[in-house]
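Participant: Mind looking over this structure? Questions follow.
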């Protein structure tokens, strides 16, 4: 009976142990608001020296970037990278800075908020020497949305 209880105790202890899964790096990661996304993106940025793109299941308004994605963009800027915004193809770039400011005020507010928060060290390590390119597009109704975000290695100067 004692052996059975001891075995049961050992099994309970072992079942409580968790290991972090070895996530293979991918050139393209689809955003989902879960810790798994952070793990996949981090593994991809560390494991692949080429650009890594983030796609979305549904259109993301530039003013409503999810907080989890804002955190990654803030980390790019914090680590010395740049955030570039690519307008939809064939569309003229606005000359009025207030238009651009109003479109991306949500992104800026998120970056400022995330600067004051503690940022995970693995995120910072993943973002070293990376820039972010936010590719915009328009849907059939003419609304602007984020098509994808590409984290690319910084260009050598």
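Bear in mind that the values in this text are calculations on the coordinates, not laboratory data. This structure is a prediction, so every number in the text was calculated from the model and none was measured. Every residue, glycine as well, gets a Cβ built from its backbone with ideal geometry; the counts of neighbours run over all protein chains shown.
Participant: Which distance in nm do the two modelled labels at residue 46 and residue 85 give, with both placed 7 Å along the Cα-to-Cβ direction?
Facilitator: My value for the distance between the label points is 3.2 nm.
Participant: Counting every Cα pair in the range 46-85, what percent are over 15 Å apart?
Facilitator: Working: 419 of 780 pairs.
Summing the P(r) tail past 15 Å for the range 46-85 gives 54 percent.
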